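The values are calculated or read from the model by the stated rules, or taken from the named source; none is laboratory data. If you're wondering where the values come from, they're calculated on a predicted model, not measured in any experiment. Here the Cβ is made from the backbone with ideal geometry for all residues, glycine too, and neighbour counts use every protein chain on show. Please note that ligands, DNA and RNA were not included when accessible areas were found on the heavy atoms of the full protein model with its side chains. Shrake-Rupley method; radii C 1.70, N 1.55, O 1.52, S 1.80 Å.
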Amino acid sequence: MTIDLQEKAKRRCSWLPDLNAYSGPRYKALAAALAEAIDQGDLAADMRLPPQRLLADALGVTTGTVTRGYAEAERRGLVEARVGSGTYVYDRQDDQRPNFYHLQAENEDNRLDLSLSLMVPSPQRLQGLQQALQTLIEDPLQLAEVLAYQSERGQPQQLAVFCDWFQRLGIPIDPDQLVVTDGGQHGIFLSLQALLAPGELLVTDQLTYPGVIAAARELHLRHQGIPRDAQGMDMQALERLCQQQKPRAVYIMPDQNNPTGYCLSAERRKELVALARQYDFWIIEDAVQFMPPEFRQERLADLAPERCVYLFSTSKILAGGLRVGVLAAPKTQLPRLTAALRAHCWMAPPLMVALTCAWIESGEADQLLEWQWQELRARQELVSQELEGADFSRHPAGFVVWLQLPGDWQTGEFVRAAADAGVRVLGAEPFSVGSQPVPRAVRLCVSPPANRDRLREALQRLQALLKSPPRGRAVF
Ligand SMILES: Cc1ncc(COP(=O)(O)O)c(C=O)c1O
């Protein structure tokens, strides 16, 4: 490039950073410069950034570098690419992006929400809750008990109810290992807090449950993601990491990864346990998205009972609003776990735990679970029919579908286009750990729609988008 061309490009650029002021690769320097300029008010909300080729000429770098820099800035939520129009500074005042924890059920304007993995709606749930409430109302002794402070781990008779249930579900667990929690997310937080100190390293899949990413951040843990293949987490990559650093724990959803739906193969389970023993780390096994027995493989907690915490919750079976879960841990770790629990909330709310136990004891919980497993399978079959030809992964009885975007679709654009079509989905970003490029993919949850017809409608709207990728993307 001639000096003349560079000078001309510089004059035409509305914004020109000095990349030499930043270390690291040029594209990251560009993203950092964008962050600083936005922070300092040099780049205003909704301002259009210089076209990529022009900025590349002005900076004396390749267009690819600018493209990657803008993409990195988009990944960090600083800018947004608009089809056919360029890249703009993100306007936080007008934040329409889906907030991960923001729940927006289906509503009258025909919007369909596939963004969160919730239990499948069923009238059985309301009846089950009413019946459980009635059981409690008719038992003044129990009612008096729930008014009192209780033991942190849960009352012995409640732990026995959970153990009997697990037994029926084919999972023998010793009640002396159990701690009742305020749900699965609480179980994750407690385990991380009890087993890891700030600054220690937590390892998860590169694509993982956002709640664990949030908890690791709150607890000031270092967090690294490991890639996967068809069998699940890449154990060679994990071993290489163990040789260089010292992970304190691996968090994993072996029966159904959220968001990709993959399952950790039997062989990989053994390899993970062998690595855990060799390099001395904990395993946190999340079974909150609980699978039917024919899909459940040997639990990591059975393979390595001395170093595994098993997380379970009633949120995806009975109701997310109950906020009741349990964890099973090696007995040696119970003092640390209960100390953490006391520091959080002293105990899970006794009334909610008693209600949950009454529901489980009625036998209704088993029926609900069986029905939901069938329903999830039917919904996943619907996905195969309606998204025929699309590139997706999922578990055949799972809550989620991981949809790779074709052609020209960028994740943010697709999420916005889906929202415009009345369907809410989540892009890959909340699930992505570390600085690896975020895949062009979205997660759909099959469970929230009121019925299969509503799910079909949502899938048809998404399929229509997949078949008409954006045209006329400006090439700079
Ligand atoms: C894998 C996984 N773990 C934990 C949780 C949190 O469970 P709870 O709602 O019981 O806190 C969820 C909820 O979606 C989940 O998908």
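Points worth noting:
- Table column - 3J(HN,Hα) (Hz), region 289-303, Karplus curve with 6.51, -1.76, 1.60, x for Gly and Pro: 8, 6, 9, x, x, 5, 9, 7, 9, 4, 5, 4, 5, 7, 6
- When the residues TYR262, TYR149 are ordered by accessible surface, computed with a 1.4 Å probe over the protein chains alone, the sequence from largest down reads TYR149, TYR262.
- Computed from Cα atoms, the angle from the helix 235-244 axis to the main principal axis of the chain rounds to 80 degrees.
- The spacing between region 222-296 and region 421-453, judged by their C-alpha centroids, is 22 Å.
- Sequence of TRP371, TRP15, TRP402 from largest to smallest accessible area, 1.4 Å probe: TRP371, TRP15, TRP402
- The heavy atoms of TYR90 present about 20 square angstrom of accessible area, all protein chains included, probe 1.4 Å.
- Where labels lie 7 Å past Cα in the beta-carbon direction, separation of ASP280 and ALA230 in nm: 3.8
- When the alpha carbon gyration tensor of region 124-362 is reduced to an equivalent ellipsoid, the three semi-axes, largest first, read 32, 19, 15 Å.
- Extension gain from ARG111 to ASP42, taking 0.36 nm per residue of separation minus the Cα-Cα distance: 21.1 nm
- Of the solvent-accessible surface of region 124-362, computed with a 1.4 Å probe and all protein chains present, 55% belongs to carbon and sulfur.
- The slack in the chain from LYS270 to ASN451, taken as 0.36 nm per residue of separation less the alpha-carbon distance, amounts to 61.2 nm.
- Distant-in-sequence amide H partners of GLY325 (H built 1.01 Å from N, under 5 Å): THR181, ASP182, GLY183, THR314
- Under 5 Å from the amide H of TRP282 lie the amide H atoms of ALA249, VAL250, each residue being 5 or more positions distant or on a separate chain, with H modelled from the backbone and absent for Pro and chain starts.
- Carbon plus sulfur fraction of accessible area for region 3-94, probe 1.4 Å, in percent: 45
- In this structure the chain gives 44 Å² per residue of accessible area when probed at 1.4 Å with all protein chains present.
- Helix 266-279 axis versus longest C-alpha principal axis of the chain: approximately 90°, rounded to the nearest ten.
- The base-10 log of I(q)/I(0) for the chain, evaluated at q = 0.08, 0.10, 0.11 Å⁻¹, reads -0.55, -0.83, -0.97 [Debye formula, identical scatterers on Cα atoms, solvent excluded].
- Based on C-alpha pairs under 8 angstrom that are at least 6 apart in sequence, region 3-94 has a relative contact order of 32 percent.
- Amide H to amide H, with H built 1.01 Å from N, GLN150 comes under 5 Å of no residue 5 or more places away or on another chain.
- Lysine pair number, Cα distance threshold 28 Å (strictly under), the chain, separation 8 or more or different chains: 8
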